[in-house]
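Okay, so here's the structure we're looking at.
The values are calculated or read from the model by the stated rules, or taken from the named source; none is laboratory data. Given the structure is predicted, the values throughout are model-derived calculations rather than measurements. Here Cβ is always computed from backbone atoms with ideal geometry, including for glycine, and neighbour counts include all displayed protein chains. Note: accessible area is taken over every heavy atom of the protein model, side chains too, but ligands, DNA and RNA are not part of it. Shrake-Rupley method; radii C 1.70, N 1.55, O 1.52, S 1.80 Å.
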Amino acid sequence: MAATMLSVLRKIVQEVSTAPDLDSVLDLTVRRIQRAMHTQVCSIYLLDTISQRYVLMATQGLNVEAVGQVSLSPTEGVVGLVGQRAEPLNLEDASVHPSYIYLKSTGEERYHAFLGVPIIHQGEVLGVLVVQQNERRRFDESEEAFLVTVSAQLAGVIAHAEATGSIQPVGNNVENGGERFAQDRRFSGVAGAPGVAIGQVFVATLPADLETVPDKPAKDVDKELERFNTALEAVRSDIRAVSRNLAQRLRSDEQALFDVYLRMLEDNALAGQVADRIRAGNWAQGALREVVAEHVREFSAMDDAYLRERATDIRDLGRRVLSHLQENVNSQDVEYPDKTILVADDLSPAMLGLVPEDKLVGLVSVSGSGNSHAAILARSMGIPTAMGVVDLPFTRLEGREVILDGYTGRVYVNPSDDLKNAFGEILREEQMIAAGLETLRDLPAQTTDGYRMPLWVNTGLVSDVERSLERGAEGIGLYRTEIPFMTRDFFPSEQEQLQIYRRQLEAFAPRPVTMRTLDVGGDKALPYFPIEEDNPFLGWRGIRVTLDHPEIFLVQVRAMLRAALGFGNLRIMLPMVTSMHEIEEASKQIDRAVRELQEEGLDVERPPVGVMVEVPAAVYLTRRFARKVDFISVGSNDLTQYLLAVDRNNPRVAGLYAPYHPAVLRVLHFVAQEARKEHKPVSICGEMAADPGGALLLMAMGYDVLSMNSNNLPKVKSAIRGTSLAKANTLLQRVMRMDDAEAIHEYLRTSLKDMGLGNLTRPVLPGR
Ligand code: PEP
Ligand code: MG
């Protein structure tokens, strides 16, 4: 029994994830469950968000005419009771239960045994899943466990379908412009970079990533057909070429696979269907995505394992055709709207450069979270960004006007004039505040009682240098060297690196420039150096990678040293360090690079070397590290994630990623004190330093340097100039006694307002 249940469950999960719409999901599910459990009835009731009633949405066994017609209030019937109590109800004879009500139109009078389980998503009851039988009996434990498991699977699918509008929430339909989106339809994600934007969506597609291709109207149907045929012909000749090349090495049955591929591409198969879709008005890429998705769905649902595998072939063919279609679109031809909101399934640092800066007003990523590196770069560019908007139906948004609220991570589709006006007002206010802050550029970051707080910047993009100097940065506290590595096709050579680094060092000289050695892994992948791991944040990251690859490390350090010749402002910093031997090993490599260059006749010196405190182990070794190195710099982004065990990149736990968690504050204070005991300078380069409230706390903790994205520097400077060190100390003392991260955050906001610095906190937003 257990084994068959498991295989049924697998099958349901598989089918549910590939079904075209929610109705099919529900129908499939009731059919499968009824068959697997040998019950007479299986039904699903979903809660209508407007009428607050449980509506019968699918059934096997009851009268199908009742679907969509019959509904129950949460206080009615045993179904209502399951929903209300949010727990399973297993009854030998439902008809004698005090809550039972008889629904004539369903024809359910014949059934006695009843098992109902709630369908719950993120703590909310979405509906009830029911099985019923003629006889009087209690369902056994394994049956109950099975139904609960299916229900848990179903919950995510229903919530996603409602949110993405692949179904409308029951009773909430509004027709608009051919696509169905309710007015001011809101999709919630995670705050990425502050600010608001009103603009038009442009969907960024990764090369050959068919699933993220948006729908777009075909401008010229004949031209689209021609493009498609050209791509098709190219794929055919690719396949023939591969087939010829492998002719000697493959058996004839294996060779036959290529013929199957070619047949799939014929007019009476895939090609004809795509052409039909193009004629119906979609552009070639969109038409291809639709047809491939349909076939994949059909094949995946087949019982025969061999046929199921064909889904992979179709996907592969789809990708091949797509890459040819993308080839003959010249990226220069792409016309971006004047106010582009770039939407991507997984926003990567490389995509940020896609749209000309004067046209880019906002960024949205379906995956990722507020401390993903794409979000960090977006903050540095000052582009409002929403991350982790997991339910956004982005393939259907191309060209649509949307509002983006980067403070809360929300996206509004089909916005009303009222909402546009309200956000327009905030945009104007923001512009005024920014203009006011510009006047601070040449003024020192000094408190009212004369304490001078050095403000440095974090850089990575080429444009960061100019922006940072414009904002009055006094040094670079973190240059993320991996960023230029990410936008290339292979590791940059020593000479190339030298040129890239020199730009930073030269522009800032004589001010210090802290260059971090390559920090890849985690959510930072190099396209030419893939690292596939189950737990990338606990895996091969940062210094672990470079110590395993001394050839990469040495080249990088040599390039840094050579780039600094004549400027003398280089500092080298090591990321993700957990133990002493890593520092010793890296130091040896740095010494070796210095020696080599000196032997080559260059007048290089060993620069100051520092270490980042980013993991709990490093926190407790700060003092020992400090004896070995020249400076300590806290990477609070990673430190927060490792201390709280919250993936900085996962939107599901974004609410738990709390930089103002009392434990984080305690640790930050501790590290500053430990470094000071060894009289070594301690700085911070995590995002917390960029928050005006956080910056005041860090100043009071004794940090010698705050390093932040250049965009926030004027705000932080304004906060420091608007208060005294004495007040910041009092603030710190109060906060350190508080228990709750959210309360601390709120307290900081109110304190800034009380100090007359309300313009540095988040504005009051509409649509809350
Ligand atoms: C940090 O972890 O706080 C940090 C500054 O490094 P990154 O954000 O690049 O991981
Ligand atoms: Mg880090």
Inset, instruction - Starting from the eigenvalues of the Cα gyration tensor, five times each then square-rooted, give me the equivalent ellipsoid semi-axes of the chain, largest first, whole Å. - result: 51, 35, 26
Legend entry - Share, in percent, of DSSP beta bridges within the range 477-576 that are antiparallel, nearest 5: 25
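Tell me, in nm to one decimal, what length is gained between D417 and V64 on full extension, where the rule is 0.36 nm per residue of separation less the Cα-Cα distance?
That pair, D417 and V64, stretches by 122.8 nm at full extension.
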Inset, instruction - May I ask for the angle, rounded to the nearest 10°, between helix 692-701 and the longest principal axis of the chain, with both axes built from Cα atoms and the value confined to 0 to 90°? - result: 50
Inset, instruction - Specify the angular offset, from 0 to 90 degrees and rounded to the nearest 10, of the alpha carbon long axis of helix 550-563 from the longest principal axis of the alpha carbons in the chain. - result: 50
Inset, instruction - Would you tell me the accessible area of T29, worked out with a 1.4 angstrom probe on the heavy atoms of the protein chains, in Å² to the nearest 10? - result: 0
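For F670, F181, write out the residues from largest to smallest accessible area, computed with a 1.4 angstrom probe and no ligands counted.
F670, F181
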Legend entry - Accessible solvent surface per residue of the chain, calculated while the other protein chains remain in place, 1.4 angstrom probe, Å²: 43
Legend entry - Rounded accessible area of F537 (nearest 10 Å², 1.4 Å probe): 20
Inset, instruction - Please give every one of the lysines within straight-line cross-link reach of K727, meaning a C-alpha to C-alpha distance under 24 Å, and leave out same-chain neighbours fewer than 8 residues apart. - result: K715, K717, K753
Legend entry - Solvent-accessible area of D489 with every protein chain in place, 1.4 Å probe, in Å² to the nearest 10: 130
Legend entry - Stokes-Einstein D for the range 2-164, Kirkwood Rh over Cα pairs, 4 °C, 1.567 mPa s (µm²/s): 84
Legend entry - Extension gain from A208 to E678, taking 0.36 nm per residue of separation minus the Cα-Cα distance: 163.8 nm
Legend entry - Cα-projected label distance for E551 with S579, points at 7 Å along beta-carbon direction, nm: 2.6
Legend entry - Cβ-derived FRET efficiency at R0 45 Å, V462 paired with L307, nearest 0.05: 0.30
Legend entry - Efficiency of FRET from Cβ geometry, R31 and R110, R₀ 25 Å, rounded to 0.05: 0.80
Legend entry - Label-to-label distance, nm, for residues given as Q122 and S24 (7 Å Cα→Cβ offset): 2.6
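Summing Lys, Arg as +1 and Asp, Glu as -1, what charge do residues with Cβ under 14 Å from the Cβ of G77 carry, G77 excluded?
Around G77, the charge tally is 0.
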Legend entry - Contour minus Cα-Cα distance for Q431 and M264 (0.36 nm per residue): 54.6 nm
Inset, instruction - Using a 1.4 Å probe over the heavy atoms of the protein chains, calculate the carbon and sulfur portion of the accessible area of the chain as a whole percent. - result: 49
Inset, instruction - Determine the order of S24, S142 by accessible area, beginning with the largest, at a probe radius of 1.4 Å. - result: S142, S24
Inset, instruction - Please find the FRET efficiency linking E92 to A617, where r is the Cβ-Cβ separation and R0 is fixed at 41 Å, and quote it to the nearest 0.05. - result: 0.10
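How big is the antiparallel share of DSSP beta bridges in the chain, given as a percent to the nearest 5?
Beta bridges within the chain, antiparallel portion: roughly 55 percent.
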Inset, instruction - Give the residues of the range 313-327 whose amide nitrogen is closer than 19 Å to a point set 7 Å from the Cα of K223 in the direction of its Cβ. - result: 324-327
